[in-house]
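Below is one structure; the comments refer to it alone.
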Amino acid sequence: MSNIDTVKQLYEAFGRGDIPAIIGKLDPNIEWDVEVPTPGVPWLQPRRGAANIPAFFESLEPLSFQRFDPHTFFADGNKVFALIAIDATHVASGKQYQFPYEGHLWFFNDAGKIVKYQHVTDTALHCRAAKGE
(Lines give C-alpha, C1' and ligand atoms only; values in the text may rest on other atoms or scores of the structure.)
Protein backbone atom coordinates (compact mmCIF):
# COMPACT_ATOMS: atom_id res chain seq x y z
CA MET A 1 0.00 0.00 0.00
CA SER A 2 1.30 3.45 -0.86
CA ASN A 3 1.52 6.29 1.63
CA ILE A 4 -1.18 8.12 -0.34
CA ASP A 5 -3.46 5.09 0.05
CA THR A 6 -2.81 5.14 3.80
CA VAL A 7 -3.75 8.84 4.01
CA LYS A 8 -6.92 8.19 2.00
CA GLN A 9 -7.81 5.42 4.47
CA LEU A 10 -7.32 7.90 7.33
CA TYR A 11 -9.80 10.32 5.79
CA GLU A 12 -12.29 7.51 5.17
CA ALA A 13 -11.94 6.50 8.85
CA PHE A 14 -12.49 10.13 9.90
CA GLY A 15 -15.66 10.21 7.83
CA ARG A 16 -16.92 7.11 9.67
CA GLY A 17 -15.85 8.49 13.05
CA ASP A 18 -13.44 5.55 13.42
CA ILE A 19 -10.73 7.19 15.51
CA PRO A 20 -9.14 3.83 16.56
CA ALA A 21 -8.48 3.07 12.86
CA ILE A 22 -6.64 6.39 12.57
CA ILE A 23 -4.63 5.80 15.75
CA GLY A 24 -3.62 2.38 14.39
CA LYS A 25 -1.77 4.06 11.49
CA LEU A 26 0.28 6.31 13.81
CA ASP A 27 3.71 5.72 15.26
CA PRO A 28 3.43 5.62 19.08
CA ASN A 29 5.69 8.70 19.29
CA ILE A 30 3.96 10.79 16.61
CA GLU A 31 4.39 14.56 16.63
CA TRP A 32 1.07 16.25 15.78
CA ASP A 33 0.91 19.96 14.89
CA VAL A 34 4.13 20.74 16.74
CA GLU A 35 5.49 23.27 14.21
CA VAL A 36 2.90 26.06 14.27
CA PRO A 37 0.66 26.06 17.35
CA THR A 38 -2.20 28.53 17.05
CA PRO A 39 -3.28 30.15 20.33
CA GLY A 40 -7.03 29.99 20.89
CA VAL A 41 -7.62 27.13 18.45
CA PRO A 42 -7.88 23.89 20.42
CA TRP A 43 -7.48 21.65 17.36
CA LEU A 44 -4.27 23.40 16.23
CA GLN A 45 -2.28 22.65 19.39
CA PRO A 46 0.87 20.50 19.64
CA ARG A 47 0.38 16.91 20.65
CA ARG A 48 2.98 14.20 21.11
CA GLY A 49 2.33 10.49 21.25
CA ALA A 50 -0.50 8.47 19.72
CA ALA A 51 -2.23 8.24 23.10
CA ASN A 52 -2.79 12.04 22.99
CA ILE A 53 -4.28 12.20 19.49
CA PRO A 54 -7.91 11.38 20.44
CA ALA A 55 -7.91 14.77 22.20
CA PHE A 56 -7.44 16.39 18.77
CA PHE A 57 -10.67 14.84 17.51
CA GLU A 58 -12.48 15.75 20.74
CA SER A 59 -11.34 19.36 20.27
CA LEU A 60 -13.32 19.51 17.01
CA GLU A 61 -16.65 19.15 18.86
CA PRO A 62 -17.56 22.86 18.52
CA LEU A 63 -17.71 22.31 14.75
CA SER A 64 -20.18 20.48 12.55
CA PHE A 65 -18.78 19.39 9.19
CA GLN A 66 -21.04 19.66 6.15
CA ARG A 67 -18.23 18.79 3.75
CA PHE A 68 -14.86 17.14 4.25
CA ASP A 69 -13.58 16.33 0.78
CA PRO A 70 -9.92 15.34 0.31
CA HIS A 71 -9.46 16.23 -3.35
CA THR A 72 -5.77 16.41 -4.21
CA PHE A 73 -2.78 14.36 -3.04
CA PHE A 74 0.95 14.80 -3.58
CA ALA A 75 3.72 12.43 -2.51
CA ASP A 76 7.45 12.93 -2.27
CA GLY A 77 9.48 10.22 -0.58
CA ASN A 78 8.15 9.75 2.94
CA LYS A 79 5.78 12.74 2.78
CA VAL A 80 2.19 13.07 1.60
CA PHE A 81 0.45 16.42 1.23
CA ALA A 82 -3.32 16.46 0.93
CA LEU A 83 -5.68 19.29 0.03
CA ILE A 84 -9.13 19.08 1.55
CA ALA A 85 -12.23 21.16 0.88
CA ILE A 86 -14.02 21.74 4.18
CA ASP A 87 -17.33 23.40 4.95
CA ALA A 88 -17.97 23.63 8.68
CA THR A 89 -20.34 25.36 11.05
CA HIS A 90 -19.58 26.57 14.56
CA VAL A 91 -22.41 24.83 16.38
CA ALA A 92 -23.06 27.41 19.11
CA SER A 93 -23.03 30.48 16.86
CA GLY A 94 -24.28 28.97 13.60
CA LYS A 95 -21.50 30.73 11.68
CA GLN A 96 -20.25 28.91 8.60
CA TYR A 97 -16.69 28.59 7.33
CA GLN A 98 -15.19 27.38 4.08
CA PHE A 99 -11.67 26.05 3.67
CA PRO A 100 -11.35 25.16 -0.05
CA TYR A 101 -7.65 24.29 0.24
CA GLU A 102 -7.01 23.04 3.77
CA GLY A 103 -3.58 21.40 3.72
CA HIS A 104 -2.43 18.38 5.70
CA LEU A 105 1.19 17.23 5.62
CA TRP A 106 1.88 13.63 6.69
CA PHE A 107 5.36 12.17 7.36
CA PHE A 108 5.94 8.40 7.28
CA ASN A 109 8.69 6.16 8.60
CA ASP A 110 10.06 3.21 6.63
CA ALA A 111 7.58 0.87 8.33
CA GLY A 112 4.65 2.87 6.90
CA LYS A 113 3.61 4.46 10.21
CA ILE A 114 2.89 8.18 10.45
CA VAL A 115 5.54 9.90 12.57
CA LYS A 116 4.49 13.52 12.08
CA TYR A 117 1.43 15.49 11.01
CA GLN A 118 1.06 19.20 10.39
CA HIS A 119 -1.81 21.44 9.30
CA VAL A 120 -0.87 23.92 6.57
CA THR A 121 -3.83 26.25 6.68
CA ASP A 122 -5.40 29.66 7.09
CA THR A 123 -4.84 30.03 10.84
CA ALA A 124 -6.72 33.35 10.95
CA LEU A 125 -9.86 31.65 9.64
CA HIS A 126 -9.39 28.82 12.14
CA CYS A 127 -9.18 31.42 14.92
CA ARG A 128 -12.51 32.88 13.82
CA ALA A 129 -14.04 29.41 13.57
CA ALA A 130 -12.83 28.49 17.07
CA LYS A 131 -14.54 31.58 18.49
CA GLY A 132 -17.64 31.39 16.28
CA GLU A 133 -16.91 34.86 14.87
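Observations on the structure shown:
- In this label model, Lys79 and Glu61 are separated by 3.5 nm, measuring between points 7 Å along each Cα→Cβ vector.
- Just checking the listed ones, Lys116, Lys95, Lys25: in the Gaussian network model of the chain with Cα springs under 10 Å, the one fluctuating most is Lys95.
- Solvent-accessible area of the chain (1.4 angstrom probe, protein heavy atoms only): carbon and sulfur portion equals 52 percent.
- Global form of region 35-112, assessed from the alpha-carbon gyration tensor, a/c cut-off 1.5: oblate
- Computed over the chain with a Gaussian network model linking Cα atoms closer than 10 Å, the most mobile of Thr123, Thr38, Thr72 is Thr72.
- Label positions at His71 and Gln9, each projected 7 Å from the Cα along the C-beta direction, are separated by 2.6 nm.
- Straight-line reach from Lys113: taking Cα to Cα under 19 Å and skipping same-chain neighbours fewer than 8 places apart, the lysines in range are Lys8, Lys25, Lys79.
- Basic side chains Lys and Arg get +1 at the Cβ, acidic Asp and Glu get -1 at the Cβ, and with that the dipole of the chain about its Cα centre reaches some 140 debye.
- A helix-only calculation puts the chain at -7000 deg cm²/dmol for mean residue ellipticity at 222 nm, using -39500 (n - 2.57) for each DSSP H run of at least four residues, averaged over all residues.
- Choice from His71, His90, His119 with maximal GNM fluctuation in the chain (Cα, 10 Å cutoff): His71
- Hydrodynamic radius of region 90-130 per Kirkwood, over alpha carbon pairs, in Å: 12.3 Å
- Local net charge near Gly17, Cβ-Cβ under 14 Å (Lys/Arg +1, Asp/Glu -1): -3
The values are calculated or read from the model by the stated rules, or taken from the named source; none is laboratory data. Just so you know, these numbers come straight off a predicted model, no measurement behind them. Counting neighbours? That spans all protein chains shown, and the Cβs are built from the backbone with ideal geometry, glycine included. In case anyone asks, the SASA skips ligands and DNA or RNA and just uses the protein heavy atoms, side chains included. Shrake-Rupley method; radii C 1.70, N 1.55, O 1.52, S 1.80 Å.
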